[in-house]
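Remarks on the structure that follows.
The values are calculated or read from the model by the stated rules, or taken from the named source; none is laboratory data. Bear in mind that the values here come from a model prediction, so they are computed numbers and not experimental data. Note that each Cβ is placed from the backbone with ideal geometry, even for glycine, and that neighbours are counted across all protein chains shown. SASA here: full protein model, heavy atoms, side chains in, ligands and nucleic acids out. Shrake-Rupley method; radii C 1.70, N 1.55, O 1.52, S 1.80 Å.
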Amino acid sequence: MGTPKATDTPTAKRILVTGGAGFLGSHLCERLVGEGHEVLCVDNYFTGRRSNLAHLSDRPNLERMRHDVTFPLYVEVDEIYNLACPASPIHYQFDPTQTTKTSVHGAINMLGLAKRTRAKILQASTSEVYGDPTVHPQTEEYWGNVNPIGPRSCYDEGKRCAETLFFDYHRQHRVKIKVLRIFNTYGPRMHPHDGRVVSNFILQALKGEPITIFGDGKQTRSFCYVSDMIESFVAMMATPDDVTGPINVGNPAELSMVELAERILSLTGSKSRLDFRPAPEDDPRQRQPDITRAKALLRWSPTVDIEIGLLETIRYFERLIRSGMD
């Protein structure tokens, strides 16, 4: 008798991951492939990178497809993780109408696929649905404080509309949905040019460049390490059908931008100085998840300490710089 293949696992599922070559998507694909599932990674490679999945190229249970979710997709699957959408301001503001289409048309197409195949579908929503919050920390009951016509609106309102579509498909067509609201996440495989604060600060520190802080640096964010975030995805998909969300997932520990910069300078040993610049329009002053619901329904909370996570991320960017891929 030969060695069983990964896809021979009795509990193996056919799982579609949209945005599967991106930062979060590649880590999710890696986790699902490792569990023996048949994984279809779909990405248009606008921000996703083939190198994120290169180490899985010999795995027979991973299939990669170049496809844009704004167009329908006809495949047979048991579960869908809908992660497709540029998530950093630099990328989602590059083509704002396409960003909105990706969130809205992408949701319609993936929900249609879920309806036809009777698959469970998880929407990777975002803390951006809360806008610049007037409630702190943010609970799922908070409806948000969002500018519908600002430069960030293509992403914020696109994701809000996607949530509307998910719940309408659930009510109208009984599609089995799961909605997670993701707060700031960091770790290896972040795009080096995504303009996010963690990747920016680390690359600037490693290169000895000034650390760019927009505003006074007192604005806060909560940073969750990628392995913790992926754990929440898998936990959410495994919940009973009556657990639809939305559920906040993130690390409640708050850091100001100045505090984050100082930690990165300390961990890298960099002598870079802080360079303060005007804050961009609609930049939230604070962002912190209330994860009471995640603890109760998913039995999930983050476990990776910020310094451990930052060290892993620093090592990743050090390797990128050495290889000339930054």
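Counting Lys and Arg as +1 and Asp and Glu as -1 over every other residue whose Cβ lies under 13 Å from the Cβ of residue 305, the net charge comes to -2. Global size of the stretch 45-152: 16.4, 49 Å for Rg and Dmax (C-alpha atoms, Rg to one decimal, Dmax whole). When you filter the trypsin sites (Lys or Arg not before Pro) in the stretch 109-198 for DSSP loop state and at most 16 other Cβ atoms inside 10 Å of their Cβ, you are left with 118, 174.
What value, in deg cm²/dmol to 500, does the helix sum -39500 (n - 2.57) over DSSP H runs of n ≥ 4 give at 222 nm once divided by the residues of the chain? Please report the intermediate quantities before stating the final value.
Values: 9 runs with 117 residues, N = 326.
Result for the chain: -11500 deg cm²/dmol, rounded to the nearest 500.
Surface composition of the stretch 237-324: carbon and sulfur make up 47 percent of the accessible area, probe 1.4 Å. Convex hull volume per residue, computed on the Cα atoms of the stretch 127-166, equals 63 Å³. Backbone amide hydrogens, once placed in the peptide plane, bring residue 214 within less than 5 Å of 277, excluding anything fewer than 5 places away on its chain. Counted over the chain, the DSSP beta bridges are approximately 10% antiparallel. Taking the 1.4 Å solvent-accessible surface of the stretch 14-167 as the whole, the part contributed by carbon and sulfur is 53%. Remark: relative contact order (the chain) = 16 percent; criterion is Cα-Cα distance under 8 angstrom and separation of 6 or more residues. If amide hydrogens are placed 1.01 Å from N in the peptide plane, which non-local residues have theirs closer than 5 Å to the one on residue 185? Residues meeting the amide H criterion: 224. The packing ranking, built from the mean of other Cβ atoms within 10 Å per residue, places the peptides 217-228, 38-49 in the order 38-49, 217-228, highest first. The residue 267 and residue 143 beta-carbon pair, evaluated with R₀ = 35 Å, returns a calculated FRET efficiency of approximately 0.40.
Classify the stretch 44-98 from the C-alpha gyration tensor, please: rounded if a/c falls under 1.5, else prolate or oblate depending on whether a/b exceeds b/c. Because a/c hits 1.5 or more and a/b fails to exceed b/c, the stretch 44-98 counts as oblate.
Among the helices of the chain, those built from whole DSSP H runs whose Cα atoms reach 18 Å or more along their own axis and whose mean Kyte-Doolittle hydropathy is at least -1.0 are 96-117, 306-323. Here the stretch 130-241 is described by how far its Cα atoms reach on the three principal axes: 55, 32, 24 Å, from widest to narrowest. Taking 212, 102, 303 as the candidate residues, the one with maximal mean-square fluctuation in a Gaussian network model of the chain, Cα springs under 10 Å, is 303.
A crude spin-label estimate for the pair residue 66 and residue 97, with each label 7 Å from Cα along the Cβ direction, gives 2.4 nm.
With 23 Å as the limit on Cα-Cα distance, the pairs of 13/295; 178/218; 13/159; 218/271; 13/178 that go past it are 13/295; 178/218; 13/159. Debye-formula intensities of the chain, expressed as log10 I(q)/I(0) at q = 0.10, 0.13, 0.14 Å⁻¹, are -0.56, -0.97, -1.13 (one equal scatterer per alpha-carbon, no solvent). Extension gain for residue 55-residue 116 works out to 18.7 nm (0.36 nm per residue, less the C-alpha to C-alpha distance). Averaged over its residues, the chain has an accessible area of 45 Å² per residue, based on protein heavy atoms and a 1.4 Å probe.
Look at the alpha carbon pairs under 8 Å that are at least 6 residues apart: their mean separation over the length of the stretch 1-113 gives a relative contact order of 29 percent.
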